[in-house]
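The structure appears right after this line, and notes come after that.
The values are calculated or read from the model by the stated rules, or taken from the named source; none is laboratory data. Keep in mind the model is a prediction, meaning the values are calculated, not measured. Using ideal geometry, Cβ is built from the backbone for each residue, glycine included, and neighbour counts are taken over all protein chains shown. Each accessible area value is taken on the protein alone, full model and side chains, heavy atoms only, with ligands, DNA and RNA left out. Shrake-Rupley method; radii C 1.70, N 1.55, O 1.52, S 1.80 Å.
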Amino acid sequence: LTVKENVQVGLDITNSYNEKLVLDAIEKVGLKGYEKRYPHQLSGGEQQRVAIARSLVKDSKLILADEPTGNLDARTTKQILDLLKEVSKDRLVVIVSHNLGDADLYADRIIELHEGKINSDKEKDHSYNNQYKVIDNKAYLPHYFDMNEDETNDLLENIKSNKVKEVV
């Protein structure tokens with residue numbers, strides 16, 4: 001199926017095809033102009049965005065997204081996470097991710113799992129100020145975060161003192 005046909009599948013199930021809705025969803029995920037392309041003509045990230053567009057047109061009350069930005073560059077990651085955050089205003093969006101930086105930036109609630117067990121379950125502190133976080137000797141940064149000079153120096157000091165052994 002083409003990109004347009006793939007997105008349309010979500011509406012075909014409910015017999016409520018609406019071309020404008022399909023084209024709007026394709027545009028929202030940044031694939032306008034790709035409507036006639038086939039999966040083999042798309043990158044992995046573009047294929048993921050088609051799946052997100054398909055979920056948007058269905059107008060489901062719940063969206064489950066397993067690593068929705070796993071194959072995307074920083075700019076597209078921000079675009080998709082901004083879109084999912086906007087969608088979350090009127091439906092539940094659950095994202096599974098290894099990226100704690102993006103979770104801190106976008107999530108209202110973060111549930112951390114380790115070997116199938118809940119490690120922590122916390123409501124998002126809405127006063128989060130985009131600084132990097134250090135957890136278990138790892139510094140977590142959002143994809144598109146630009147650090148100022150003081151934050152860069154602080155991170156470098158944490159690396160020198162072995163408080164940070166890995167930057168994620």
Scanning the range 28-81 residue by residue, the ones that are over 27 Å from Val168 (Cα atoms), open to solvent by 60 Å² or more (accessible area, probe 1.4 Å), in a helix (DSSP H, G or I) and modelled with pLDDT under 90 total 3
Can you give me the number of residues within the range 127-149 that are modelled with pLDDT under 80 and out of contact with any helix residue (DSSP H, G or I) (no Cβ under 8 Å at 6 or more places or on another chain)?
5
Between a first residue in the range 63-92 that is within 15 Å of Ala25 (Cβ to Cβ) and in contact (Cβ under 8 Å) with a residue 40 or more places away in the chain and a second residue that is part of a loop (DSSP other than H, G, I, E, B) and not β-branched (Val, Ile, Thr), which pairs have beta carbons less than 7 Å apart while being 6 or more apart in sequence or on different chains?
Gln79/Gly30; Ile80/Pro68; Ile80/Leu72
Filter the range 109-125 down to residues that are open to solvent by less than 70 Å² (accessible area, probe 1.4 Å) and in contact with a Lys or Arg (Cβ under 8 Å, 6 or more places away or on another chain) and give me whichever is modelled with the lowest pLDDT.
Lys124
Contacts under 7 angstrom Cβ, first residue in the range 43-61 being among the polar types (S, T, N, Q), partner open to solvent by 30 Å² or more (accessible area, probe 1.4 Å), 6 or more apart
Gln47/Pro39; Gln48/Asn71; Ser60/Arg91
